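The structure appears below as structure tokens.
The values are calculated or read from the model by the stated rules, or taken from the named source; none is laboratory data. In this text, all values refer to a predicted model and were calculated from it rather than measured experimentally. Don't worry about glycine lacking a Cβ; one is built from the backbone with ideal geometry, like all the others, and counts go over all protein chains shown.
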Amino acid sequence: MQEAAVGIIGGGILGLATAYRLTEMDPSRQVIVLEKEAGLAHHQTGHNSGVLHSGIYYKPGSLKAINCREGKKAMEAFCAAEGIDYDICGKVIVATNEKELPALNNIYERGQANGVRCAMIDREHLKELEPAVAGIQAIHVPESGIVNYKQVCSRLAQRIQERGGQIVTGARVMRMQARSNQVILQTQAGDFGFDYVVNCAGLHSDRVAAMTGGRPNVKIVPFRGEYFEVKPHAQHLCRNLIYPVPDPSFPFLGVHFTRMIEGGVECGPNAVLAFAREGYTKTDINLIDLAETLTYSGFLRLAAKYWQTGLGEMWRSFSKAAFVRALQHLVPAIREEDLVMAPAGVRAQAIAPDGAMVDDFMIHETERVVSVCNAPSPAATASLNIGRLVVDKLAERF
């Protein structure tokens with residue numbers, strides 16, 4: 001059995017950022033990252049739209065707000081030091097009718113409270129920034145940006161290994177046993193013993209947390225986000241990042257346009273229930289995952305409350321024309337023939353038993369295990385600061 005001071009479950013950006021911070025704090029403390037897939041950043045990180053979020057949307061004082069702001073600074077500094085391309089290109093959040101203005105103003109007020117550099121702009125200024133957009137008013141957020149998070153993960157992994165950390169792939173955790181002085185993990189790559197364990201398992205974080213007997217009072221429900229890529233002849237319709245005013249009661253930002261750091265423009269996502277925790281296509285079905293979702297009281301309460309919204313999202317999933325109509329609220333000139341399907345992503349959304357979607361980051365702790373149980377967007381932007389937060393919690397135990 002291989003032993004080390006800290007074991008990290010999950011080779012996405014949060015697991016790697018935590019390992020990076022641990023090896024930065026004390027290179028002599030042995031750290032091992034365990035990833036169940038054959039490579040790193042295979043799931044949420046690898047299907048990320050690549051936005052460097054400003055922190056404008058989040059409740060002031062929340063973990064999201066604090067970690068997004070500090071994490072964005074840390075991510076920019078890391079990319080600059082490591083020669084990773086990123087672009088602070090700016091975004092606009094667009095109100096297309098008067099009913100959206102109160103919500104737009106609330107977002108602006110949050111941005112001001114969070115220290116985000118942003119400005120309320122009129123139709124004329126909006127047209128200067130994004131000529132193809134239809135809107136009556138908008139928030140301009142010049143400090144939003146884009147980056148390739150898979151490149152970030154590759155560099156994090158390199159630095160971890162240079163400092164003596166290990167990364168083991170093909171190491172699905174099958175069982176966890178917490179003893180008085182150690183946590184034993186049985187994995188497909190062998191057995192490991194750790195003084196402490198960090199759970200950054202993303203789509204499976206609740207299940208991994210439950211292995212320790214310290215089950216968090218939430219369950220992960222997977223939502224698939226489907227995207228289209230804009231064909232080259234129509235990419236001029238989006239200069240940078242174009243977002244709608246989100247529904248304040250629903251923690252998804254709505255279909256939007258995103259310029260990618262490697263070139264091209266994507267639009268989406270919708271948010272439909274995935275029939276598997278790793279259900280990237282409509283035909284990906286895992287009966288165990290699906291049954292767990294459909295029998296969970298929290299999901300049933302959520303579905304009862306938002307069934308109309310859910311039906312709309314499902315209709316856009318099966319109807320390209322309906323998806324395009326949603327996009328046309330922002331950019332009227334976009335057409336069906338301008339779009340081709342792009343790879344989808346799956347969001348690990350924690351839902352409480354009462355049906356509430358957990359909006360903030362959520363960290364669950366037992367004596368020897370720290371579990372990141374809810375880390376949706378902007379977790380990639382905030383990852384280096386979330387990693388520091390987890391390390392600070394571990395440092396109290398060392």
Outside the structural domain of F192 (by TED's automatic domain parsing), at pLDDT 95 or above, farther than 27 Å from N270 by Cβ and not in a strand (DSSP E or B) - does that describe any residue in region 32-53?
no
Taking region 7-37 as the search range and keeping residues that are under 26 Å from Q177 (Cβ atoms) and small (G, A, S), which one is farthest from the chain's Cα centre (by Cα)?
G7
Could you please give the count of residues in region 267-282 that are of a type in the set (V, I, T), in a loop (DSSP other than H, G, I, E, B) and in contact with a strand residue (DSSP E or B) (Cβ under 6 Å, 6 or more places away or on another chain)?
0
Condition set of a type in the set (D, E, K, R) and within 25 Å of the chain's Cα centre (by Cα), scope region 231-248, selection nearest to Q328 (Cα to Cα): answer is R239
When you check S205 against the structure, is it of a type outside the set (F, W, Y), surrounded by 21 or more Cβ atoms within 10 Å (Cβ to Cβ), outside any loop (DSSP other than H, G, I, E, B) and in the same structural domain as T366 (by TED's automatic domain parsing), yes or no?
yes
Given the conditions (1) closer than 30 Å to S319 by Cα; (2) touching a helix residue (DSSP H, G or I) at 6+ places or on another chain (Cβ under 8 Å); (3) surrounded by 22 or more Cβ atoms within 10 Å (Cβ to Cβ), report the number of the one that M176 does not fulfil.
(1)
Would you please name the residue that is farthest from the chain's Cα centre (by Cα), looking only at residues in region 318-342 that are among the acidic types (D, E) and either loosely packed, with under 13 Cβ neighbours inside 10 Å or under 27 Å from G202 (Cβ atoms) (or both)?
E337
V116 - would you say it is β-branched (V, I, T) and more than 19 Å from D85 (Cβ to Cβ)?
yes
Would it be correct to say that Y86 is closer than 30 Å to A157 by Cα and buried (at least 19 other Cβ atoms within 10 Å of the Cβ)?
yes
If only one of D354, D338, D359 is among the acidic types (D, E) and in contact with a Pro (Cβ under 6 Å, 6 or more places away or on another chain), which one is it?
D359
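For (1) surrounded by 22 or more Cβ atoms within 10 Å (Cβ to Cβ); (2) touching an Asp or Glu at 6+ places or on another chain (Cβ under 6 Å); (3) over 30 Å from P353 (Cα atoms); (4) touching a residue at least 12 places away in the same chain (Cβ under 8 Å), each residue gets a yes or a no:
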site	(1), (2), (3), (4)
I220	yes, yes, no, yes
H236	no, no, yes, yes
L241	yes, no, yes, yes
G263	no, no, yes, no
G279	yes, no, no, yes
Quick check on E337: is it within 30 Å of H236 (Cα to Cα), among the acidic types (D, E), modelled with pLDDT of 95 or more and in a helix (DSSP H, G or I)?
yes
Please indicate, with yes or no, whether at least one residue in region 9-20 is touching a Leu at 6+ places or on another chain (Cβ under 7 Å), of a type outside the set (S, T, N, Q), over 30 Å from A342 (Cα atoms) and touching a residue at least 12 places away in the same chain (Cβ under 8 Å).
yes
From the options I363, I334, residue that is more than 30 Å from G15 (Cα to Cα) and touching a Cys at 6+ places or on another chain (Cβ under 9 Å):
I334
Do you know which of the residues in region 111-137 that are in a helix (DSSP H, G or I) and out of contact with any Gly (no Cβ under 9 Å at 6 or more places or on another chain) is surrounded by the fewest Cβ atoms within 10 Å (Cβ to Cβ)?
E124
Could you tell me whether region 364-377 includes any residue that is over 28 Å from C153 (Cα atoms) and surrounded by 16 or more Cβ atoms within 10 Å (Cβ to Cβ)?
no
Being more than 30 Å from E266 (Cβ to Cβ), touching a residue at least 24 places away in the same chain (Cβ under 8 Å) and not in a strand (DSSP E or B) is the filter here; which residues of region 138-181 pass it?
R163, G164, G165, G170, A171, R172
Within region 343-357, residues surrounded by 20 or more Cβ atoms within 10 Å (Cβ to Cβ) and either without any contact (Cβ under 8 Å) to a residue 12 or more places away in the chain or hydrophobic (A, V, I, L, M, F, W, C) (or both) come out as A344, V346, A348, A350, I351, M357
Identify, by number, the condition in (1) out of contact with any helix residue (DSSP H, G or I) (no Cβ under 7 Å at 6 or more places or on another chain); (2) more than 26 Å from I84 (Cα to Cα) that V198 doesn't meet.
(1)
